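Only the coordinates and a few stated rules stand behind these numbers; no lab work does. Fair warning: this is a prediction, and the values are worked out from it, not measured in the lab. Cβ atoms come from the backbone with ideal geometry, glycine included; neighbour counts cover every protein chain shown.
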Amino acid sequence: MILETIEVGGCRSYLLGCSDTHLATVIDPEISAVERYRGLASRHGLSIRFAIDTHTHADHFSAAREIARALDAQVVMSHLSVAPYVDLRLDDGDMLLVGNLRLRAMATPGHTADSTTYIVGDHAFTGDTLLIGGTGRTDLPTGDPDKLYDSLFGRLLMLDPATQIHPAHEYKGRAGSTIGEEIASNPRLQKTGRAEFVAMMRALDIKAPTHLTEALRVNMSGKKSVAQLLAEAGAGTPFMAMSELSARLAARQNDLVVLDVREKDAYDAGHLPGARHLPRGQLELRVNETFPDPTVRIVAICEFGKISTLAAATLRSLGFMHAVALDGGMKAWREAGLAVET
Ligand SMILES: [Fe+2]
């Protein structure tokens, strides 16, 4: 068995491979680590066949779908997951063959309704059901402390005490733990009575994760995060450096049009010399009258350089093949002391 642990912030994900067949799965992949999974897989000569999410994550963006698409792998989740892009849905007790590795799915609801632990030999991938020195919270959508109690005390903790646990989060960099060590020292597991345990979980006052609604929305729908949307727009759009634009404006070559896509009050307060104004919100509807010539070179600018990237991508998709976005925005332009007119 080949096992690699990948850390992204407090998130832990895994690359698990069969050393005989070189088939592999990723478990709880995170969106910013996609290239790391691919790199690790090729270093070990592994072919990734599955992307497993132990549950619907509320605090980070799953990469299961991206990996499945890029590598022709299958997304695996519980039957209770609402995500529409899951290829293989598992019931409690189902087994997944990853080459010669046999991963058994054990339904362990509580942190979320779809939480599942995957067990292979003496290793358990516990998702957020059981963490090192903690448990997943139960106050987010579909969480249920009563069910977590049953999942822990009725199922997970009944595994062989030597079973190594691999959770989806670890914030203190601890290498690993076992079921036996957790039973002995995990503070949350010292409340062994149901009522006490449930009361303790209900009393926890943990702040909501930073990306809660966006992560849930994206993970439940398989659609895009705002960062992905911007990254895709940026990947399909050339940029122009502020120094390049400044030099071209100073030379009065008249070979481009600066298009300011901010709102009117921002434009009125100060814009680039000669900049045209067309707010992003009206771009599609007014672009024909504003730019009758589709060959014109348009440099889109906004306050911070993000909306202008979307605007340039929109212009390109409409057939303005010389549209670019400024690398920067009005804020950076002003701070650089470059020319502004009011
Ligand atoms: Fe979670």
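For residue 164 and residue 235, a Förster radius of 51 Å and the Cβ-Cβ distance give a FRET efficiency of 0.80, rounded to the nearest 0.05.
With Cα atoms defining each centre, region 293-342 and region 136-180 are spaced 49 Å apart in the structure. Its relative contact order, with pairs defined as Cα atoms under 8 Å and 6+ residues apart, puts the chain at 12 percent.
Whole-Hz Karplus values for region 37-48 come out as 4, 5, x, 5, 4, 6, 4, 8, x, 9, 10, 7 Hz, taken residue by residue from phi with 6.51 cos²θ - 1.76 cosθ + 1.60 and θ = phi - 60°; glycine and proline positions read x. In this structure, the residue pairs whose Cα-Cα separation is over 22 Å, taken from 207/306; 264/306; 207/331; 224/306; 147/191; 264/331, are 207/306; 207/331. A convex hull fitted around the alpha carbon atoms of region 136-272 yields 219 Å³ per residue. In order along region 230-237, the Karplus-derived 3J(HN,Hα) couplings, from 6.51 cos²θ - 1.76 cosθ + 1.60 at θ = phi - 60°, round to 5, 5, 5, 4, x, 6, x, 9 Hz, and Gly and Pro are given as x.
Sites counted here are trypsin sites (Lys or Arg not before Pro) in a DSSP loop (not H, G, I, E or B) having no more than 11 other Cβ atoms within 10 Å; the longest part of the chain that contains none of them is 1-171. 3J(HN,Hα) couplings calculated from phi for region 273-287 with the Karplus curve 6.51 cos²θ - 1.76 cosθ + 1.60 (θ = phi - 60°) are, in sequence order, x, x, 5, 7, 10, 8, x, 3, x, 10, 3, 4, 6, 10, 5 Hz; Gly and Pro show x.
Length gained on full extension, residue 194 to residue 263, computed as 0.36 nm times the residue gap minus the Cα-Cα distance: 19.2 nm. Ordering 201, 95, 77 by the number of other Cβ atoms within 10 Å of each residue's own Cβ, fewest first, gives 95, 201, 77.
Here is the size of the chain from its Cα atoms: Rg then Dmax, 25.7, 79 Å. From least to most packed, judged by other beta carbons within 10 angstrom and beginning with the fewest, 61, 125 follow the order 61, 125.
Restricting the calculation to Cα atoms, every distinct pair contributes to the Kirkwood radius of region 228-335, found to be 13.6 Å. The calculated pair-distance distribution of region 102-198 uses every alpha carbon pair, bins of 5 angstrom beginning at 0, and gives 3, 15, 27, 28, 19, 8, 1, 0 percent. Once the Cα-Cα distance is subtracted from the 0.36 nm per residue extended length, the residue 19 to residue 47 segment shows a gain of 9.0 nm. Using C-alpha pairs below 8 Å separated by at least 6 residues, the relative contact order for region 228-335 is 34 percent.
Rounded to the nearest 10 degrees, the angle from helix 212-221 to the longest Cα principal axis of the chain is 80 degrees. Around the amide H of residue 130, modelled in the peptide plane, lie the amide H atoms of 136, all under 5 Å away and 5 or more residues distant in sequence or on another chain.
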